[in-house]
Amino acid sequence: MRAIGGTFPARTGRQIPVGRDQPGGARRRRVAAGPADAGARCLPMPGAGEFGRPGYGRQGMRDWGLSMGEAAVEYVNLGASGVRVSRVCLGMMSYGNGSERPWVLDEDAAGPIVQVAAEGGITFFDTADAYSGGASEVATGRLLAKFVSRDDVVVATKVFMPVGSGENNGGLSRKHILAGIDAALRRLDMDYVDLYQIHRWDYRTPIEETMQALHDVVRAGKARYIGASSMYAWQFAKAQHAADAHGWTRFVSMQNHYNLVYREEEREMIPQCIDQGVAVIPWSPLARGLLAGNRTRDGERRTTRSGTDPFGDSLYKVDADFDVVDRVREVAAARGVPAAQVALAWLLHRPGVTAPIVGATKLSHLQDALAAEQLELSEEEMQRLQEPYVPHPVLGHG
Ligand SMILES: NC(=O)c1ccc[n+]([C@@H]2O[C@H](COP(=O)([O-])OP(=O)(O)OC[C@H]3O[C@@H](n4cnc5c(N)ncnc54)[C@H](OP(=O)(O)O)[C@@H]3O)[C@@H](O)[C@H]2O)c1
């Protein structure tokens, strides 16, 4: 990488699991999951009628000819907190309803993917109030209730984006946070969420009001921990300072925009998180499919999502991004694995990263995510992947 250093300053704060450099506290659980066999990855999606059939999960994978070797899923602490999470988090934004985003799967279609994720060892799931107008939270609650025990999973949701037309149906005011958590719990049909995250910085609400309201949510037993998402590092530091100054709950995690074509978080936010014992849980780790090749330099759109994702188009549009995509493809070809595995493995090796939040609309996407968790990249491969990167403007805070 040309502009940003590949190493980080010595940590002065609490120790947290950092990429693959510091597996302290990490533990692997043997599960049937995550084949590294690239040849077995083109899976037919079953028809809608098959979703509820018995033995859908592990047996179902065998039925479809999946090569499910013994895999080891790693679990680590979520930052300096005591709660343990899988090193891959399943993003639930892709599930709900496709009325606004045609690539979003409904609950029936998402079922097999969530079941296989759970049986593959994933214990960490991320949604938000705004995804599919609340339908993502509904699907998350229903699907997790079908396939896992509530105590075994870490469920994260978010507040901030408008969820209605009223002046107070968005943002981070006390009024909206207290109403927002109750509405989220109703949709999820849960008594509590594990991680309640602010989706963005609210320029209209004093941070003290927000942090006190979040603290009250935790004190009321409606959330176990709080986290934040894309914002400037100074804003995050200011929020943590407000919490410290008043004895309120601190954020344990930062859900930020970080992948091979957007690395600006390495300048300030990630070193800050490492220093402060905050988990980094990157969103869009495959740059919304770009790093897996869902669109090309000359404008070809190869999937439904790549043709109907204006937010993705606004983030990834410079020619240099496609130089990175080409490099990922080269490294992946040399290893004989799909590009998506290499791009995710790169992130899993980076300092500070606790768990990328992956998007999966096919079983093969999930397979690659589980396989990436076990793919070791050499220092030379890491350098090759990083080499074509050029600095970007701040992207993804809006
Ligand atoms: N906090 C925030 O502001 C924020 C913002 C965005 C997302 N998120 C969270 O992050 C999660 C993930 O976001 P994302 O869906 O954008 O993540 P992503 O992993 O970058 O993109 C997922 C897309 O990549 C493609 N893909 C995934 N695995 C693949 C594979 N193995 N081979 C080929 N293509 C593959 C698919 O695109 P195609 O469908 O085109 O094939 C899939 O829809 C969300 O569910 C949400 O929880 C948070």
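The values are calculated or read from the model by the stated rules, or taken from the named source; none is laboratory data. All of these numbers come straight from a predicted model, not from anything done at the bench. Here the Cβ positions follow ideal geometry from the backbone for every residue, glycine too, while neighbour counts run over all protein chains shown.
The table that follows gives values for the structure above.
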{"quantity": "Considering residues of segment 333-345 that are assigned to a helix (DSSP H, G or I) and surrounded by fewer than 24 Cβ atoms within 10 Å (Cβ to Cβ) only, the residue farthest from the ligand (Cβ to nearest atom)", "calculated": "A334"}
{"quantity": "Qualifying residues in segment 78-112 (those that are of a type in the set (S, T, N, Q) and over 25 Å from T249 (Cα atoms)) - the one nearest to the ligand (Cβ to nearest atom)", "calculated": "S94"}
{"quantity": "Subset of segment 79-103 that is more than 13 Å from F125 (Cα to Cα) and touching a residue at least 40 places away in the same chain (Cβ under 8 Å) - its residue that is surrounded by the most Cβ atoms within 10 Å (Cβ to Cβ)", "calculated": "G79"}
{"quantity": "Residue count, segment 337-360 (criterion: closer than 13 Å to A292 by Cβ and among the polar types (S, T, N, Q))", "calculated": "1"}
{"quantity": "Of all residues in segment 351-365 being in a loop (DSSP other than H, G, I, E, B) and touching a helix residue (DSSP H, G or I) at 6+ places or on another chain (Cβ under 8 Å), the one that is surrounded by the fewest Cβ atoms within 10 Å (Cβ to Cβ)", "calculated": "K362"}
{"quantity": "From E330, E376, E380, residue being away from the ligand (no atom under 14 Å from the Cβ), out of contact with any Gly (no Cβ under 8 Å at 6 or more places or on another chain), modelled with pLDDT of 95 or more and outside any helix (DSSP H, G or I)", "calculated": "E376"}
{"quantity": "Cβ pairs under 8 Å, 6+ apart, first in segment 158-179 and without any contact (Cβ under 8 Å) to a residue 24 or more places away in the chain, second in a helix (DSSP H, G or I)", "calculated": "N168/K175; N168/H176; N168/A179; N169/H176; G170/H176"}
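Let's see how each residue does on (1) within 16 Å of the ligand (Cβ to nearest atom); (2) charged (D, E, K, R):
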{"site": "T210", "(1), (2)": "no, no"}
{"site": "A239", "(1), (2)": "yes, no"}
{"site": "R263", "(1), (2)": "yes, yes"}
{"site": "P271", "(1), (2)": "no, no"}
{"site": "L291", "(1), (2)": "yes, no"}
